[in-house]
Amino acid sequence: MILLVMLVGTYKVALARENLEAPVDASCERQMVVTMVKSIARGLAEILRFMPEEKERIQTIRRFIAPIRFYADESGYFYVYDLECVNIAHATQPDLQGKNLYDYQDGQGKYVIRKLAKKAKTGGGFVEFCWENPNTKEEERKIGYVEMIPGTNYFIGSGLYPGRHSALFPVQGCTCKETQQLIQFVDAATQACLS
């Protein structure tokens, strides 16, 4: 577990380098979100399968996702809910943990968590909604990606605030393919640590 935390920390540092002028392809942004969510979902699934106690599982999820930030502006983070729309963990809004957000509506009147749960339950995918940006503290348009954590009744998600990620690939000259390979390396290392 310590090695896994070190790898995640190293990954965070690598993504925190600044190159605010790098052009970003919107399809590449979405691909990155999918890759990151899938990687963390698989890693958590492996960790959680050895934990029968619900309380221990929840604490592990919270500790695991809390320090993870990505994108050069660190607006990328993870959140986890159960299928009843109870927040299990939220990296930037820990005050939501344990709260049932079934009836939560964004500024546009969308039932955000209901939509995320439905999308996760039907195989995962993208949902557009408004949510507080951790940097601006204002509700902004967000494109979230969610999927189930295998073997659990939890789903994990992340997303992006469109127009804010001109620095998605903060390492000079780093392409979408190279960045995805870095994430796949972290995913493989996570799997190796758990084997």
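The values are calculated or read from the model by the stated rules, or taken from the named source; none is laboratory data. As the structure is a prediction and not an experimental result, all values here were calculated from the model. All Cβ positions, even for glycine, are placed from backbone atoms using ideal geometry, and neighbour counts span all protein chains on display.
Give the residues of segment 45-63 that are assigned to a helix (DSSP H, G or I) and out of contact with any strand residue (DSSP E or B) (no Cβ under 7 Å at 6 or more places or on another chain), sorted by residue number.
Passing the criteria: 45, 46, 47, 48, 54, 55, 56, 57, 59, 60, 63.
Hey, among 60, 122, 92, 136, which residue is touching a Leu at 6+ places or on another chain (Cβ under 8 Å) and either among the polar types (S, T, N, Q) or surrounded by fewer than 16 Cβ atoms within 10 Å (Cβ to Cβ) (or both)?
After ruling out the rest, the residue left standing is 60.
Of all residues in segment 98-127, which are farther than 21 Å from residue 151 by Cα, part of a loop (DSSP other than H, G, I, E, B) and not hydroxyl-bearing (Ser, Thr, Tyr)?
99, 101, 103, 106, 107, 108, 109, 110
Considering only segment 67-79, I want to know if a residue exists there that is within 12 Å of the chain's Cα centre (by Cα) and under 16 Å from residue 150 (Cβ atoms).
Yes; the residues of segment 67-79 include at least one that is within 12 Å of the chain's Cα centre (by Cα) and under 16 Å from residue 150 (Cβ atoms).
Would you check if there is a residue in segment 23-30 being touching a helix residue (DSSP H, G or I) at 6+ places or on another chain (Cβ under 6 Å) and closer than 18 Å to residue 151 by Cα?
Within segment 23-30, not a single residue is touching a helix residue (DSSP H, G or I) at 6+ places or on another chain (Cβ under 6 Å) and closer than 18 Å to residue 151 by Cα.
What number goes with the only condition from (1) buried (at least 19 other Cβ atoms within 10 Å of the Cβ); (2) touching a helix residue (DSSP H, G or I) at 6+ places or on another chain (Cβ under 9 Å) that residue 112 does not pass?
Of the numbered conditions (1) buried (at least 19 other Cβ atoms within 10 Å of the Cβ); (2) touching a helix residue (DSSP H, G or I) at 6+ places or on another chain (Cβ under 9 Å), the odd one out for residue 112 is (2).
Go through the residues of segment 31-41 one by one and say whether even a single one is assigned to a helix (DSSP H, G or I), at pLDDT 95 or above and more than 10 Å from the chain's Cα centre (by Cα).
Scanning segment 31-41, I find no residue that is assigned to a helix (DSSP H, G or I), at pLDDT 95 or above and more than 10 Å from the chain's Cα centre (by Cα), so the answer is no.
Only one of 124, 151, 107 is closer than 18 Å to residue 39 by Cα, more than 16 Å from the chain's Cα centre (by Cα) and not β-branched (Val, Ile, Thr); which?
Values: 124 fails: more than 16 Å from the chain's Cα centre (by Cα); 107 fails: closer than 18 Å to residue 39 by Cα.
Being closer than 18 Å to residue 39 by Cα, more than 16 Å from the chain's Cα centre (by Cα) and not β-branched (Val, Ile, Thr) holds for just one of 124, 151, 107, which is 151.
Scan segment 141-185 for residues that are part of a loop (DSSP other than H, G, I, E, B), modelled with pLDDT under 60 and of a type outside the set (Phe, Trp, Tyr) and report the count. Before you say what the answer is, go through the steps one by one.
Of segment 141-185, the ones part of a loop (DSSP other than H, G, I, E, B) are 149-153, 161-175.
Adding the requirement that they be modelled with pLDDT under 60 leaves 165-175.
Retained after the next criterion (residues that are of a type outside the set (Phe, Trp, Tyr)): 165-168, 170-175.
Going through segment 141-185 one residue at a time, the tally reaches 10.
Just a yes or no: is a residue in segment 81-89 modelled with pLDDT under 95, loosely packed, with under 14 Cβ neighbours inside 10 Å and not aromatic (Phe, Trp, Tyr)?
No: zero hits.
For segment 64-72, check the following and say yes or no: at least one residue is part of a helix (DSSP H, G or I) and at pLDDT 95 or above. If you could, list the steps in order and put the result at the bottom.
So the first thing to find is which residues in segment 64-72 are part of a helix (DSSP H, G or I), and the list is 64-65.
From what's left, at pLDDT 95 or above: 64-65.
Among the residues of segment 64-72, at least one is part of a helix (DSSP H, G or I) and at pLDDT 95 or above, which makes the answer yes.
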